[in-house]
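The values are calculated or read from the model by the stated rules, or taken from the named source; none is laboratory data. These numbers come from a predicted model, not from an experiment. Cβ sites come from the backbone with ideal geometry, for glycine too, and all protein chains shown count toward neighbours.
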């Protein structure tokens, strides 16, 4: 009896001592991040007394999983919101906004129109246009700087992720060795793993599992493994061959790489990838589209007038060539392909990625893809062998507003893919081609006059100039009208007229005239002439009107007014003016920034709630531990009394036996 009582008391001492130690461990780690409070478990012995089982962590795997998920979600929205907020501040700042520079440039053009002979006003207009170009470059440079910052963060994040997975893998090895030498779990090591897994979820969405040995394995949300037993893989970022502005993430298994879907990665890494390939690229392309439209519209209109020297207007702006990309196997074919925006067709250019493929022996196809790599509309299929190139070998693709040159068709194979985006990098590649204000073609290229012998008060005016190319209009290379071009309009009656060339030969006759605008168009000659005229009122029989390049005054501003009117024209995709398009994009950024900030705020509340739920179970409570310490101290003292009683009983029995 005494021996049994002694063993019972001794087991109680050991149990209470172990629980006191556990309580002390909990209390000591009250502020240790990631620590899960522990509990020593016991069972009753069939032989009497108590048997120690183990000291386990109080954790709920489902709660821990939810914490990691919510941490990843918050980290994604917080990072994305921070990046968007920076972009919003950048574009919304009045000092850098394009709208102010556009207003100044077109205002200076209007001032030059007030006195086309003023060299100082022309220089002011040229300077304002140059400032506009520089602002496109400045904004584009800011976008590029932000993208470079994102790239640096992306690189740093991958280093951190790989370091964390390496540590978790090492801890798996330590857990396996420590638990192999003891019946108790390696609680502290497992806490470290859980904390590392939580840190990892800040960067990327993960799925944590435990194998039959109790070792932690980690997978990405898409299923690719990061940690298996004591082995770990690495995440790497590689440039995309077809779209260099995009990033290909791969899981490196040592000897080979496995591509990783970049959509839905979660965490700060997912936010960086989404911002870089989505919003950052959209900002660059939107600004590039704006720069293309602005420069093309002004270049096209400037070519329709005469500059200060009486010569046809040159391109005011210059854009760098559109870059074309392909796979490594097709690099040698790239010099045989070039593409450019068709003059005057920039309203058809979008921010999409264009992919050129050869579909069969004769035909090619161009398909547009948005920033999510989804096809935007139907493919444009064309047969270059059935088309006529221009003098420089370019084929015009009317549907897309592009000119395409393919030097040697025999070098291209079916299913070859070539990718380009006209708007990518177009803003930073914009430059001023005009050297001074004299290059501004403010004057009309053709003049009109009303005969002084006319019986009516009708006056002729130039209504439009659409083309001044010497090979497709009435204008010769030296700026004069071809002899066969319309030179005279003679009314045979108030509602009928004939059009004559310089020699008086009749080119066309029009009867039953109902209105007196665009007379050349009514005669079917406007397109080949490249211009049109109108008269102000009903003429009389015998009224005569002349068209010549000799009646142009130095103060003419016909084309200058057309240049100014471009400010309010629907140039961007045929839907919005330059100012409204930029203002709309700034508004879009502001809306997205506010929306993202809201997501970040709500996801933080959800994350904190999950952490509190975890802490209610796993965090150390000093009040609870104080109560436990008193309880286990009393238990220890009581067990000691049992041992003392057992010893006294045993000594009494010995005395009786004597």
Among what's in segment 187-213 and is surrounded by 20 or more Cβ atoms within 10 Å (Cβ to Cβ) and part of a loop (DSSP other than H, G, I, E, B), pick the residue that is nearest to the chain's Cα centre (by Cα).
204
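So which of 276, 285 is touching a strand residue (DSSP E or B) at 6+ places or on another chain (Cβ under 8 Å) and modelled with pLDDT of 80 or more? I'd like the intermediate steps shown before the answer.
Working: 285 fails: touching a strand residue (DSSP E or B) at 6+ places or on another chain (Cβ under 8 Å).
The conditions single out 276.
Inspect all residues belonging to segment 564-571 and state whether any of them is part of a loop (DSSP other than H, G, I, E, B), touching a residue at least 40 places away in the same chain (Cβ under 8 Å) and on the phi > 0 side of the Ramachandran plot.
Within segment 564-571, the first condition is being part of a loop (DSSP other than H, G, I, E, B), and the residues that meet it are 569-571.
After this cut, where a residue has to be touching a residue at least 40 places away in the same chain (Cβ under 8 Å) as well, the list is 569-571.
Now drop any that are not on the phi > 0 side of the Ramachandran plot, which leaves none.
No, segment 564-571 has no match at all.
Please work out if residue 496 is touching a helix residue (DSSP H, G or I) at 6+ places or on another chain (Cβ under 9 Å) and surrounded by fewer than 16 Cβ atoms within 10 Å (Cβ to Cβ).
So residue 496 fails the test.
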Can you confirm whether segment 393-403 contains a residue that is out of contact with any strand residue (DSSP E or B) (no Cβ under 8 Å at 6 or more places or on another chain), on the phi < 0 side of the Ramachandran plot and not in a loop (DSSP other than H, G, I, E, B)?
no
Qualifying residue in segment 577-597 (condition: in a helix (DSSP H, G or I) and more than 30 Å from residue 427 (Cα to Cα)):
no
Determine if segment 134-150 includes at least one residue that is over 19 Å from the mean Cα position of the chain (by Cα) and either free of Cβ contacts under 8 Å to residues at least 60 places away in the same chain or surrounded by fewer than 20 Cβ atoms within 10 Å (Cβ to Cβ) (or both).
yes
Take segment 385-411 and flag every residue that is touching a residue at least 60 places away in the same chain (Cβ under 8 Å) and within 19 Å of residue 341 (Cβ to Cβ).
401, 402, 403, 404, 405, 406
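Given the criterion outside the structural domain of residue 39 (by TED's automatic domain parsing), farther than 18 Å from residue 59 by Cα and modelled with pLDDT of 90 or more, identify the matching residue among 179, 155. Don't jump to the end; show me each part of the working.
Working: 179 fails: modelled with pLDDT of 90 or more.
Testing whether each residue is outside the structural domain of residue 39 (by TED's automatic domain parsing), farther than 18 Å from residue 59 by Cα and modelled with pLDDT of 90 or more leaves just 155.
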Is it true that some residue in segment 100-115 is assigned to a loop (DSSP other than H, G, I, E, B), touching a strand residue (DSSP E or B) at 6+ places or on another chain (Cβ under 9 Å), closer than 30 Å to residue 555 by Cβ and modelled with pLDDT of 90 or more?
no
Residues of segment 448-472 classified as surrounded by 13 or more Cβ atoms within 10 Å (Cβ to Cβ) and free of Cβ contacts under 8 Å to residues at least 12 places away in the same chain, total
1
What is the number of the single condition among (1) under 30 Å from residue 436 (Cβ atoms); (2) without any contact (Cβ under 8 Å) to a residue 12 or more places away in the chain that residue 301 does not meet?
(2)
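Of 509, 527, which residue is over 26 Å from residue 117 (Cα atoms), surrounded by fewer than 16 Cβ atoms within 10 Å (Cβ to Cβ) and modelled with pLDDT of 95 or more? Write out each step before concluding.
On the way: 527 fails: modelled with pLDDT of 95 or more.
Testing whether each residue is over 26 Å from residue 117 (Cα atoms), surrounded by fewer than 16 Cβ atoms within 10 Å (Cβ to Cβ) and modelled with pLDDT of 95 or more leaves just 509.
Is it the case that some residue within segment 15-30 is surrounded by 14 or more Cβ atoms within 10 Å (Cβ to Cβ) and free of Cβ contacts under 8 Å to residues at least 24 places away in the same chain? Spell out how you get there, then give the answer.
Going residue by residue through segment 15-30, those that are surrounded by 14 or more Cβ atoms within 10 Å (Cβ to Cβ) are 15-23, 25-27, 29.
Narrowing the set further to residues that are free of Cβ contacts under 8 Å to residues at least 24 places away in the same chain leaves 21, 25.
Checking segment 15-30: at least one residue is surrounded by 14 or more Cβ atoms within 10 Å (Cβ to Cβ) and free of Cβ contacts under 8 Å to residues at least 24 places away in the same chain.
Outside the structural domain of residue 532 (by TED's automatic domain parsing), in contact with a helix residue (DSSP H, G or I) (Cβ under 9 Å, 6 or more places away or on another chain), over 30 Å from residue 293 (Cβ atoms) and not in a helix (DSSP H, G or I), is that true of residue 643?
Answer is no for this residue.
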Which condition does residue 364 not pass, out of (1) in a strand (DSSP E or B); (2) in contact (Cβ under 8 Å) with a residue 40 or more places away in the chain; (3) out of contact with any helix residue (DSSP H, G or I) (no Cβ under 7 Å at 6 or more places or on another chain), if it passes all the others?
(3)
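Report whether or not residue 226 is in the same structural domain as residue 270 (by TED's automatic domain parsing), within 31 Å of the chain's Cα centre (by Cα), part of a strand (DSSP E or B) and free of Cβ contacts under 8 Å to residues at least 60 places away in the same chain. Don't jump to the end; show me each part of the working.
Values: in the same structural domain as residue 270 (by TED's automatic domain parsing): yes; within 31 Å of the chain's Cα centre (by Cα): yes; part of a strand (DSSP E or B): yes; free of Cβ contacts under 8 Å to residues at least 60 places away in the same chain: no.
It is false that residue 226 is in the same structural domain as residue 270 (by TED's automatic domain parsing), within 31 Å of the chain's Cα centre (by Cα), part of a strand (DSSP E or B) and free of Cβ contacts under 8 Å to residues at least 60 places away in the same chain.
Give the residue that is farthest from the chain's Cα centre (by Cα), with candidates limited to residues of segment 402-417 that are surrounded by 21 or more Cβ atoms within 10 Å (Cβ to Cβ) and modelled with pLDDT of 90 or more. Break it down stepwise before answering.
Taking segment 402-417 and keeping what is surrounded by 21 or more Cβ atoms within 10 Å (Cβ to Cβ), we get 402, 404, 406.
When the remaining residues are screened for being modelled with pLDDT of 90 or more, the result is 402, 404.
Values: 402: 23, 404: 26 Å.
Checking each candidate, the answer is 404.
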